[in-house]
Structure formats: structure tokens, C-alpha cells
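The values are calculated or read from the model by the stated rules, or taken from the named source; none is laboratory data. Being a predicted model, the structure only gives us computed values, none of them experimental. Here Cβ is always computed from backbone atoms with ideal geometry, including for glycine, and neighbour counts include all displayed protein chains.
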Amino acid sequence: PLDAVLPLLAAVADSPSHHLVAAVVEILAKLDPHLVPAGRRAAYEAFVRQLFGERARALGLLPRPGESDEERFLRKEVVVLVADHGGDERLRAEGRRLAERWLEDREAVPPEAADLALVAAALSGDAALYDRYLAALRAEPDRRHRTRLLSGLFSFREPALVRRSWGLLLDPEIDPREVVRALRDSARGPDSPPAGLELLEGHVERLAARLPEQWAMDLPRLIGELCGREHLPRLEALRPRLAPIRGAGDELDAALEQLRLCLARRAAQLPAAECFFGLVTTLGISSTRTSSRGRAISRRRSSGPARSTTPAPPTRSVPANSRSMAASSGSAPSGGGRLARPADSDFEADRAVL
């Protein structure tokens, strides 16, 4: 459960191993957008910055002479996480400066930095920057640079720009296979799957005609992870229109199953996320306290007293210091140390759908 996992992330977030860091990054990124409660976005972003902000800003977007392979791998993991899910404006601004240099001169920025910069700049990018990316894409003959530009285009977060990016699948001047590759690999935002569903509803036949059959069959899954009850009937309504595409019905079934699993995961985990980020919002958790708590947990595990071999009844883990934190805020966890489950009709509604 998230209320057990999230407080432990700080214990390993400062590891020098990019493999371990990548695992933490994956957990944090998967929380967003479906498991970050409404009203807790600022707390989630602050938590991401507390774990990785200092490290991401120290690494920056540009490689340094003599840096290790671990540092290069870590840069790829943490910079986009902090710029995107951490909402770090400093990294986004650095990305904007480098992206503008790269747009003027492809040799002015190293390739690995250009990959990061075009994405980081797009996260807060406006229509003017989007138009510059698109104009560069139309004029660019080098496929490597086109791939970078398409990844950048799908990283914009303004809903209108998200819809424009999906519309590139129908653009006669752009190879739709390049767009599909970018969709699969880019760091898309929460508005991307609904926009993809909207495009599929309006143009499924045109999309199928533009793509090779083995690519067209993937259209239901290409949308991305939907997690709204209202999407179930809309996806199901596409079945007769997808029927002529061999294999598309199976992909539609997989997309529907993915949606139901997301609803189940949300119903099961969102209360714990609400409790955890509620404590962050109410009390604040500085990076020093978070890291200290994580290290203390590690020390207790490595040097604590031997555990009894008698099986204990299962209990739900509670964030370290949650009792003292709750006491300081004038409340206490309910249910013998369990985090109180907030009332939310959406949780029960999700179960009803399932």
C-alpha cells in the first residue's frame, strides 16, 4: 500500500545506483495522474522535489567533462521527473534556453541534452514555442532530430496543444509511423489519453487507412492509460468501427481491461495517497526530515532486535513518525495505528463499476 511505500522512498532516493533510483522514479511517476488526489497536487510536486530536486538541479541538463556513466544515467532519470512531476521551474527554464539554442543550431547542444531540453521546455511551453517546434519538424530532414521534435511536441501540457499533437497523426505532410513512435516513447501528460480517445472517436477510419495494418490494430492501446468511468462506454462504442481491422478487437479488450485495472487501483490506493499527501500539506516535510526518516528506517531494519518467529497478524504500515505528526496537528490515526480512510464517494463508485 502507498502509505507504507511512500515514506520509505527517501531511504533509497539518494542512492548512487541509477537502477535503484529508476525504481523510485517509476513509483513516483506512476502516481501521476491517477493517484494524486484532487487538491494534493502541490504536496505531490513538493515531495518529488524534496527527494530529487537538489540532485536534478546539480546534474543539470548538460553533460560535464569527466562525469561517470552513473551520473549520465541518473540525469536521464531524475531531470525529467523533477521538471515534469516536480513542477521545477528552474529546470524548465534551463530547458527553454537550451531548446532555443538547439532550434537555431543543431550542433549548439549535445544530443543527450537536446533530448532533455526539448521536453523540459515544452512542459511550460506556450503556443508560440509549439509553433517553432512544429515548423522545425516540417523543415527537418534528419530523422534523429525529427524524433526529438516529436517527443517535444507531445510533452506540451496545454490541452489545446495536446489535441494539436494528436492531430499530427492525420497530417498528410508527416509520416504517421514517426508520430506513433513518439507517442509510445514520449512523456505525455494527463490530458493526452482523453485527447487520443477524442481523436479516435472522430477519425478511426481515417487513422486506420493511414497506418499499416499491424500498426492500426494498436490504436486502442496507443491512446494511453485512461482511468475514468465515463471512458468505459466510449471505448466499447468503438468496437464495431474497429472490427474491420484485424486484431484491433483484442487490443480494445486489452485497453478496457487496463481501464478497469486502473479504476481498481485507484479505488484501493487513493485513500492512502490522500492521507500521506494530506500530512505533507498540513505539516510540511522538509527534505532533511524526509531523508533522516528514511535513513532511520534503514538503520532500524539493519540493527533492530531480532523478530519473533511467531507470525503476527497482518497490519498496515504507517508512515514513520505519523503518530507524532498527527498528534502535533491535533488528530491521531484511527484503527489502532492505521491511517484513517477519508470518505470519498468516488472510491465506492469505482468499485460499483468494477
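Quick look at the numbers
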quantity: Residue within the range 265-283 that is under 30 Å from Gly202 (Cα atoms), touching a Leu at 6+ places or on another chain (Cβ under 8 Å) and touching a residue at least 12 places away in the same chain (Cβ under 8 Å) present; calculated: yes
quantity: Segments classed as helices (runs of 4 or more DSSP H), wholly inside the range 168-229, with at least 1 members that are among the basic types (Lys, Arg); calculated: 176-185, 192-210, 219-222
quantity: Residues (surrounded by fewer than 18 Cβ atoms within 10 Å (Cβ to Cβ) and among the β-branched types (Val, Ile, Thr)) located in the range 166-190; calculated: Ile174
quantity: Whichever residue in the range 1-41 is part of a helix (DSSP H, G or I) and of a type in the set (Asp, Glu) and, among such residues, is modelled with the highest pLDDT; calculated: Glu26
quantity: Tally, over the range 230-257, of residues that are assigned to a helix (DSSP H, G or I) and either in contact with a helix residue (DSSP H, G or I) (Cβ under 8 Å, 6 or more places away or on another chain) or among the small types (Gly, Ala, Ser) (or both); calculated: 15
quantity: Verdict on Glu77 being part of a helix (DSSP H, G or I) and more than 17 Å from the chain's Cα centre (by Cα); calculated: no
quantity: Residue check, Ala195 under 22 Å from the mean Cα position of the chain (by Cα) and of a type outside the set (Phe, Trp, Tyr); calculated: yes
quantity: Some residue of the range 104-117 being of a type in the set (Gly, Ala, Ser), free of Cβ contacts under 8 Å to residues at least 12 places away in the same chain, farther than 30 Å from Ser15 by Cβ and not in a helix (DSSP H, G or I); calculated: yes
quantity: Residue list for the range 210-227, restricted to those being in contact with a helix residue (DSSP H, G or I) (Cβ under 8 Å, 6 or more places away or on another chain) and either more than 18 Å from Ser155 (Cα to Cα) or in contact (Cβ under 8 Å) with a residue 60 or more places away in the chain (or both); calculated: Arg210, Leu211, Pro212, Trp215, Ala216, Met217, Asp218, Leu219, Pro220, Arg221, Glu225, Cys227
quantity: Meets criteria (of a type outside the set (Ser, Thr, Tyr) and without any contact (Cβ under 8 Å) to a residue 40 or more places away in the chain) for Ala136; calculated: yes
quantity: Selection from the range 150-165 of residues that are in a helix (DSSP H, G or I) and either of a type in the set (Lys, Arg) or buried (at least 22 other Cβ atoms within 10 Å of the Cβ) (or both); calculated: Leu150, Gly152, Leu153, Leu161, Val162, Arg163, Arg164, Ser165
